[in-house]
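The next block holds one structure in the form of structure tokens; read it before the comments.
Each value in this text was obtained by applying a stated rule to the coordinates, not by laboratory testing. The shown structure was predicted, so the numbers you read here are calculated from the model rather than taken from an experiment. Neighbour counts run over all protein chains shown; Cβ positions are idealised from the backbone, glycine included.
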Amino acid sequence: MDGRQKYCMVKFNDELVCIDNSIELFRLLGKKYTIMIMTLLANNKLKNQNFNKIVNDLPGSDKTLISLRIKQLTKFGIIERKSYGNITYELTDRGNEILRLILPLFRKMQYDQLI
């Protein structure tokens, strides 16, 4: 492996996987409120929620920061803005897939904290 491959390529099950395309997504996932917004929208009873409902469901949240996260999540195709007379947001298939893939990590961290 050359120098660049040492930091941007990960060998996984005899396959080289480039992480370059994922770095910005992981940065977004690590930012304040990102995962919380995704999990609120993933909850069946909270689908198609408007901005104010999202803010109210995150006590003490900052409206400006929530607005920025929603824009970022929309740009990445993780949530979708819908207009049914009023503007609402819902998790996209991509957003659901990302949550499905990171749930094992959440379970692992929950388990490790219980020991």
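Where does the charge balance sit around Lys75 when Lys and Arg score +1, Asp and Glu -1, over other residues with C-beta under 14 Å from its C-beta? Could you put the intermediate results ahead of the total?
Values: positive: Arg27, Lys31, Arg69, Lys71, Arg81, Arg94; negative: Glu24, Glu80.
With Lys, Arg at +1 and Asp, Glu at -1, the net is +4.
Suppose we look only past 25 Å in the calculated P(r) of the chain. What percent of the Cα-Cα pairs does that tail hold?
Values: 2223 of 6555 pairs.
Result for the distance tail: 34 percent.
Pairs Lys53/Lys82; Lys11/Lys32; Lys31/Lys53: which exceed 22 Å Cα-Cα?
Lys11/Lys32, as the Cα separations exceed 22 Å there.
Test of understanding: ordering Met109, Met36 by Cβ neighbours within 10 Å, fewest first, what list do you get? Walk me through the numbers on the way to the answer.
Numbers: Met109 10, Met36 15.
Listing Met109, Met36 from fewest to most nearby Cβ atoms yields Met109, Met36.
Calculated from DSSP H runs of 4 or more alone, at -39500 (n - 2.57) each and per residue, what is the 222 nm mean residue ellipticity of the chain, nearest 500? List each step's numbers first, then the result.
Values: 6 runs with 64 residues, N = 115.
My calculation for the chain gives -16500 deg cm²/dmol from helical runs alone.
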